[in-house]
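Read through the structure below, which is laid out as structure tokens, and then see the notes.
The values are calculated or read from the model by the stated rules, or taken from the named source; none is laboratory data. What you are looking at is a predicted structure, and each value in this text was computed from that prediction instead of being measured. We place every Cβ from the backbone using ideal geometry, glycine too, and count neighbours over all the protein chains shown. To get the accessible areas, we keep the full protein, side chains included, count just its heavy atoms, and leave off ligands, DNA and RNA. Shrake-Rupley method; radii C 1.70, N 1.55, O 1.52, S 1.80 Å.
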Amino acid sequence: MKYIAIITGASSGIGREFAMALDQSMDALDEIWIVARRKERLEELAEKLRHHAKIISGDLSNRNTVNRISAMLRADKCRVRFLINAAGYGILGEFAKGDRKEETGMCDLNVRALTDVTYACLPFMGKNSRIINLASSAAFVPQPSFSVYAATKSYVLSFSRSLNAELKDRNIYVTAVCPGPVKTEFFDVAEKLGTRTLSMKKWAMTTPDVVVKTALRDSFARKEISIPTTMMKLFYILTKTVPHHMIISFTDRLYR
Ligand SMILES: NC(=O)c1ccc[n+]([C@@H]2O[C@H](COP(=O)([O-])OP(=O)(O)OC[C@H]3O[C@@H](n4cnc5c(N)ncnc54)[C@H](OP(=O)(O)O)[C@@H]3O)[C@@H](O)[C@H]2O)c1
């Protein structure tokens, strides 16, 4: 039996940071499987890791990539100790003015692929396996000018929490990670249509290592939600106390 971690979106940002953190702290792992489209980035990461890394380069929006992962899990007789679903993207801007492929692509990657990878891995998980799903603070309330992205992350948050309950009897724990802005390549993609994020981004920004350290700590504490910074914890409380129509109309005005 081979004990492994699978990390999607490992070629940059938060996924890459997870790979480095598990590599340093989890000696019991036999291999770390790293998934993303940019093969050269994965090769560069694999060279840095102490563990043997299996590179799976492919587009997760394409079902064949997930089928490949399933086949590899079966062939290698694996036990998945960690599944980190970090692959994802967001595009800022009004939905109707956005590119159709990119708007629907967020659903394909952030929702469908995350669900499919999780489904493929579950038969290979057991007692004390962990699933860590990258949601976002955008999951807490609908966000005009980030409509599809925020909706996909609400799905991730909802799916993770109910799956955590379903899997408790198998001692498998699911944590949804809900950061605010994080300093990664995410914003190169998110702002590519020219829509700038709110200026709040600058002072709310955290780093991938803070997100990952908090997420791992919360996962081991069996928490279903991980919110890495005080500011986003306050935002979470705000979205539980202030009527959503007020927050939505405030955000909408900021972007216009
Ligand atoms: N940065 C933030 O402010 C922030 C805040 C809250 C939540 N998040 C979430 O955190 C996760 C990680 O984001 P990040 O900040 O680390 O952004 P990032 O640096 O842009 O990383 C995104 C990762 O997803 C991979 N990816 C994108 N499209 C893919 C596809 N079609 N198939 C396979 N892999 C794909 C990318 O690799 P390739 O391009 O090589 O495929 C990359 O490794 C995302 O789910 C994001 O929504 C980010």
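At a glance:
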| read-out | value |
| --- | --- |
| Separation of the residue 165 and residue 100 label points, Cα + 7 Å toward Cβ, nm | 3.8 |
| Packing-based ranking, highest mean first, of 122-129, 22-29 given that Cβ atoms within 10 Å are counted | 122-129, 22-29 |
| Using θ = phi - 60° and Karplus 6.51 cos²θ - 1.76 cosθ + 1.60, couplings along segment 233-240 (whole Hz; Gly, Pro as x) | 5, 5, 4, 4, 5, 4, 6, 8 |
| Average Cα contact separation per residue, segment 54-158, under 8 Å, 6 or more apart, as relative contact order % | 35 |
| 3J(HN,Hα) from dihedral phi, segment 165-182, Karplus parametrisation 6.51/-1.76/1.60, rounded to Hz, x for glycine, proline | 5, 4, 8, 3, 5, 8, 6, 10, 10, 10, 10, 9, 9, 10, x, x, x, 10 |
| Å² of accessible area per residue within the chain, as computed with a 1.4 Å probe and no ligands counted | 49 |
| Among the listed pairs 54/192; 97/192; 2/213; 127/153; 101/213, those beyond 23 Å (Cα-Cα) | 54/192; 2/213; 127/153; 101/213 |
| Normalised per residue, the volume of the convex hull around the Cα set of segment 79-218 (Å³) | 104 |
| Long-range amide H partners of residue 131 with built H, under 5 Å | 83, 173, 174, 175 |
| Using a Förster distance of 30 Å, the FRET efficiency for residue 230-residue 254 (Cβ separation, nearest 0.05) | 0.85 |
| Chain lengthening between residue 63 and residue 28 when straightened (0.36 nm per residue, less Cα-Cα) | 9.6 nm |
| Amide H contacts under 5 Å for residue 54, placed H, 5+ residues apart | 32, 33, 34 |
| Within straight-line cross-link reach of residue 48, lysines at Cα separation under 18 Å, skipping those fewer than 8 residues along the same chain | 39 |
| Percentage relative contact order, segment 2-255, counting C-alpha pairs under 8 Å, at least six apart | 19 |
| Cα-Cα P(r), segment 105-151, percent of pairs per 10 Å interval | 23, 43, 25, 8, 0 |
| Residues residue 3 and residue 43, FRET efficiency given R0 of 22 Å [Cβ-Cβ distance, rounded to 0.05] | 0.45 |
| For the chain, size of Cβ-based charge dipole, Lys and Arg +1, Asp and Glu -1, in debye | 400 |
| Volume per residue that the Cα convex hull of the chain spans, once the total is divided by residue count, Å³ | 119 |
